[in-house]
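Visitor: Below: one structure in structure tokens.
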Amino acid sequence: MRRLTIQCLRQTYEVLIGLGLLDQPPKALLDFMAGRGTAIVTDRGLPLDHVERVYKALKAQCKMATVLHIKKGEQAKDMNTVLELAQELARLRFDRADAMVALGGGTVLDIAGFVSAIYMRGIPYVNIPTTALAQADACIGGKVGINFGGGKNLLGSFYHPSLVMVDPSLVQTQTMDDLRSGLAEVVKAAIIGDKGLFAMLEHNAGALLSLKDPAALEDPLYRALKVKAMVVQEDEIEAGPRMKLNLGHTIGHALELLLKEKNPLAHGDAVAVGMMVASEIALNRGWLCPGDYTRIMDLLHLLAPAEHWKDLDSQAVVTATGLDKKRRAGVLHVVLPLEIGHVKVVSDVTEQELIRAIERVKGHGP
Ligand SMILES: NC(=O)c1ccc[n+]([C@@H]2O[C@H](COP(=O)([O-])OP(=O)(O)OC[C@H]3O[C@@H](n4cnc5c(N)ncnc54)[C@H](O)[C@@H]3O)[C@@H](O)[C@H]2O)c1
Ligand SMILES: [Zn+2]
């Protein structure tokens, strides 16, 4: 088992990463839950076996344990779900001595974290991420929220969990597409701040993608979370350096937005393409050396991101980036790789530069 300690302004919390953690719950979880009532929030898409394992592990330890199901998918991230959960907590007479457990992908973590943040002005919660994306990224950092008025994550807060438990065996029931998509966030972390992780991914990509050995995920997940933890500790409320974590996301969000109605693009695929575009810009500026550029492109192509985005008009993609909340005070922040393990946030990328980079990525094949 690997352990990460995250120090935030108002609290410190542990992230435990290990295969089979749910079958032999660590002392840290049992101690934290002892004597509390708990509501395990999960969605209807999660295999029941995962829910039962967590329920069993906690039932013996907790004063009371119950499971609250929300609908699955992004559409659950709305005010109705927040109200449903809050009503249940009130009915159960939950208070600050109790704790919520968020068991699911990023959707469940975002909603359960948000409800935890606002119910009685804040109750403790534990994250147990079940998708590769949530295990590599969403489970730490404290960003919680829901979609509102057409805006993604428009209502939210920074509210950290008390404990995070990452068991890579859970992702074995995910589709290969979802797993692949989650790994894009691991690649992102490697490019931002861990050259050794990048090399590890290059060597193990086949094994990681086939999921024959979920134990092989332990180290990459630990290292990806470590990169995010370092960035978040430096800038908890996204005033500056935390923007690094948006590598690939400015273009990625634009692609997701443009395709969401007709033929949605998975988040990880969108981020993979966004990282390719960022690498093109950096190469063109002479900031990223051709060797690192080629390694980045090759690894991202191994993730085989879907290609239907290539039918989009490049100008439309650029226009859509303006809708992204990352455009602050008229400035579009873009994260560019300077080398593997090092990135820079810039605000002077021109429309022409972006279009040129998108066109070049369209011309690339795996
Ligand atoms: N807070 C953050 O820092 C942060 C970071 C990245 C993404 N997010 C958010 O995460 C959300 C996306 O999360 P996601 O990609 O994890 O998808 P998701 O949570 O929407 O889950 C996708 C589907 O997979 C199912 N599922 C979950 N775990 C499974 C498993 N182990 N086996 C089989 N099926 C499983 C779910 O039931 C759901 O139907 C977005 O809303 C995004 O905004 C948040
Ligand atoms: Zn992401």
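Where a number appears in this text, it was derived from the coordinates with a stated rule and is not lab data. Predicted model, so just to flag it, every value in this text is computed and none were measured. Note: ideal-geometry Cβ built from the backbone for every residue, glycine included; neighbour counts use all protein chains shown.
Visitor: With no solvent and one equal point scatterer placed on each C-alpha of the chain, evaluate the Debye formula and give log10 I(q)/I(0) for q = 0.08, 0.15 Å⁻¹, two decimals.
Guide: Once normalised to I(0) and log-transformed, intensities are -0.38, -1.32.
Visitor: P(r) of segment 250-330 in 10 Å steps, Cα pairs, percent per bin?
Guide: All Cα pairs, binned at 10 Å, distribute as 18, 47, 31, 4 percent.
Visitor: Relative to the longest principal axis of the chain, what angle (0 to 90°, nearest 10) does the C-alpha long axis of helix 79-91 take?
Guide: So the helix axis and the longest Cα principal axis differ by about 20 degrees.
Visitor: Of ALA99, HIS364, MET243, which is farthest on the positive side of the dipole of the chain, counting Cα position, with +1 on Lys and Arg Cβ, -1 on Asp and Glu Cβ, and the Cα centre as origin?
Guide: ALA99
Visitor: Moving to a separate point now. Just report the Cα centroid separation between segment 79-156 and segment 196-257, whole Å.
Guide: 22 Å
Visitor: Given 4 °C and 1.567 mPa s, compute D for segment 1-145 with the Stokes-Einstein relation, Rh being the Kirkwood radius over Cα pairs; round to the nearest whole µm²/s.
Guide: On the way: Rh = 15.2 Å.
Reported coefficient: 85 µm²/s.
Visitor: Sorting THR66, THR38, THR81 on the 10 Å Cβ count, fewest up front, what's the list?
Guide: Values: THR66 15, THR38 27, THR81 22.
Listing THR66, THR38, THR81 from fewest to most nearby Cβ atoms yields THR66, THR81, THR38.
Visitor: Taking each pair of distinct Cα atoms in segment 171-252 once, what is the resulting Kirkwood hydrodynamic radius in Å? Kindly include the intermediate steps, with their values, before the conclusion.
Guide: Working: mean 1/r = 0.0747 Å⁻¹.
Mean inverse Cα-Cα distance, inverted, gives 13.4 Å.
Visitor: Further question on the same structure: Could you work out the relative contact order of segment 176-363? I mean the mean sequence separation of Cα pairs under 8 Å and 6+ apart, divided by the number of residues, in percent.
Guide: Values: 272 pairs, mean separation 51.5, N = 188.
Computed value for segment 176-363: 27 percent relative contact order.
Visitor: Under 8 Å for C-alpha pairs, at least 6 residues apart: give me the relative contact order for the chain, rounded to a whole percent. Intermediate values should be presented prior to the final figure.
Guide: Details: 680 pairs, mean separation 51.6, N = 366.
Relative contact order of the chain: 14 percent.
Visitor: For the chain, what proportion of DSSP beta bridges, expressed in % and rounded to the nearest 5, is antiparallel? Intermediate values should be presented prior to the final figure.
Guide: Values: 18 of 40 bridges.
Bridges in the chain are about 45 percent antiparallel.
Visitor: Using a cut-off of 13 Å between beta-carbons, work out the net charge of the residues near ASP235 (Lys and Arg +1, Asp and Glu -1, ASP235 not included). Numbers along the way, then the final one.
Guide: Details: positive: LYS143, LYS228, ARG242, LYS244; negative: GLU234, GLU236, GLU238.
So the environment of ASP235 carries a net charge of +1.
Visitor: Please name which of GLN61, GLY45, PRO161 has its Cα lying farthest along the dipole of the chain towards the positive end, using unit charges on Cβ (Lys, Arg +1; Asp, Glu -1) and the Cα centre as origin.
Guide: Positive-end residue among those listed: GLN61.
Visitor: How would you rank ARG360, ARG10, going from fewest to most other Cβ atoms within 10 Å of each one's own Cβ? Intermediate results must be reported in sequence, preceding the final value.
Guide: Details: ARG360 16, ARG10 9.
If I rank by nearby Cβ atoms, fewest first, I get ARG10, ARG360.
Visitor: Ok, one more. Only bridges with both residues in segment 2-173 count here: give the DSSP antiparallel percent, nearest 5. Display every interim value, and only then the final one.
Guide: On the way: 11 of 33 bridges.
In segment 2-173, DSSP labels about 35 percent of beta bridges as antiparallel.
Visitor: Using the C-alpha gyration tensor of segment 176-363, what are the square roots of 5 times its eigenvalues, in whole angstrom, with the largest one first? Numbers along the way, then the final one.
Guide: Values: eigenvalues 116, 75, 51 Å².
Listed largest to smallest, the semi-axes of segment 176-363 are 24, 19, 16 Å.
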